[in-house]
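Reviewing the structure listed below.
Just so it is clear, none of the values below were taken in a lab; they were calculated from the coordinates. Being a predicted model, the structure only gives us computed values, none of them experimental. Cβ coordinates were reconstructed from backbone atoms using ideal geometry, including for glycine residues, and neighbour counts include every protein chain displayed.
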Amino acid sequence: MTVRKEGGETKPIRVVVVEDDDFIRELMVAILCSEKGIDVVGEAADGRNAVEKVSRLKPDIVTMDINMPGMDGLEAIRQIMSAVAVPILVVTSSNDANIAYQAISRGALEVIPKPTADRSAEFISKIRLLSRVKVISHIRGHAAQKEILSPKSRLGVESEKHSIVAIASSTGGPRALSTVLSALPADFPPSIVIAQHITDNFASGLAQWLDSVCRLKVKTGEPGEPLEKATAYLAPSKKHMLIDRNRRICFQQRRPQDIYYPSCDLLLSAAAHVFGPRTIGVILTGMGDDGVAGMKRIKAAGGETIAQDEKTSVVFGMPRIAIESGCIDVVLPISNIGAKILNLLKARTSGRRSAYGSDGV
């Protein structure tokens, strides 16, 4: 679907492009205007002009640069989201990735690199997909939780040091990950491994941002690195991240035909193989079916499985397919998933598996 419908009529996707570099802005406009069902209704070269045009033109989606003269993209996003609440796609260079991911906290949906004339498919795909997101409900529903449990007194730290939490996420994943990880205490017993579909050279920026908003340590995984407790390892995109039998991080070469990278299926399957029933699998917002096979393997190994619900997912693709496959134990809004993980660990330390209550937590 490339267009929206109003009153039974087909309407093009209306875009405002915000970029201070004239050449890049013209290229982005040309790429968008060459696509059927997409109209560029406004352009801006700085944040202040962007806020004014978005307020006046009320587009379906905004592409936002970060480093601009005067008002930068972060402040523009804050002002736009407080007044208009429109989907915002941050389009920036990898050099600005760390700063750019701060835009997620202010309401932006995704961060991608600036397109080139011969590499515009991801840009177009994100415009089509994110223009349909109802951002008000997502922004209100993804607030980070406060710490729920006393870190040491209520979790058996030593008894769970050989458990693992394996997370799969894609479109909308950065904000979802920040919500889940922010709910976990600083001495969270298991290791966490994450496969988030991401563009090359952007993983380190995402890891740095997540590390700054969470009590846990968050970093990109490195070859041969042993898994440590209270640490979340984010898979880089240029190779697929796995876990070997010695509970160390290893990598598999990415192939040209691979659609998804880093692979959620490979990482979750490796977690199930190494940790078996002491694996908690989580599948979050995203398009496609990557991660579903991995969740099935976690379930088959005796682990627990959690999926994000439709209402709080930016794209209810990966979770929906996993749910329909029958491998999911519980479906929860994003704000409840961190608490559920903690409760599952608490139940293990008391020698029983958690029973799912009426609230799913």
Please state the shape class of the stretch 158-349: rounded when a/c is under 1.5, otherwise prolate if a/b exceeds b/c and oblate if not, all from the C-alpha gyration tensor. rounded
Measure nothing fancy, just the Cα-based angle from helix 203-213's long axis to the longest principal axis of the chain, in degrees from 0 to 90, nearest 10. 70
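Taking GluC sites (Glu not before Pro) that fall in a DSSP loop and have at most 15 other Cβ atoms within 10 Å as cut points, what is the longest piece of the chain between them? The partial results should precede the final answer.
Details: sites that count: E147, E228, E310.
Looking at the chain, 1-146 is the longest stretch - no exposed GluC sites (Glu not before Pro) with at most 15 other Cβ atoms within 10 Å.
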Trypsin sites (Lys or Arg not before Pro) in the stretch 278-341 lying in a DSSP loop, each with at most 12 other Cβ atoms within 10 Å of its Cβ, come to K311
If you count the DSSP beta bridges with both ends in the chain, what percent of them are antiparallel, to the nearest 5? 20
Which one, V84, V180, V51, has the greatest fluctuation when you compute a Gaussian network model over the chain with C-alpha springs under 10 angstrom? V84
When the helices in the chain are scored as -39500 (n - 2.57) per DSSP H run of 4 or longer and the sum is shared across all residues, what 222 nm value do you end up with, to the nearest 500 deg cm²/dmol? -10000 deg cm²/dmol
Quick one: net charge of A108's neighbours, Cβ under 12 Å, K/R +1, D/E -1? +2
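In percent, what relative contact order does the stretch 158-349 have, based on Cα pairs under 8 Å that are 6 or more apart in sequence? Please list the in-between numbers first.
Numbers: 475 pairs, mean separation 42.8, N = 192.
About 22 percent, as a whole number.
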Return a whole-number percent for the relative contact order of the chain, with Cα pairs under 8 Å and 6 or more residues apart as the contact set. 12
Hull volume in cubic angstrom per residue (convex hull over the Cα atoms of the stretch 263-319): 55
Filter the trypsin sites (Lys or Arg not before Pro) in the stretch 219-267 to those in DSSP coil with at most 12 other Cβ atoms within 10 Å of their Cβ, and list the result. R245
Could you check which residue among S82, S34, S131 shows the biggest mean-square fluctuation in a GNM of the chain with a 10 Å Cα cutoff? S34
Given the stretch 4-141, what whole percent of its Cα pairs are spread farther than 23 Å? 24
What whole number of Å gives the distance from the Cα centroid of the stretch 29-45 to the Cα centroid of the stretch 74-114? 19
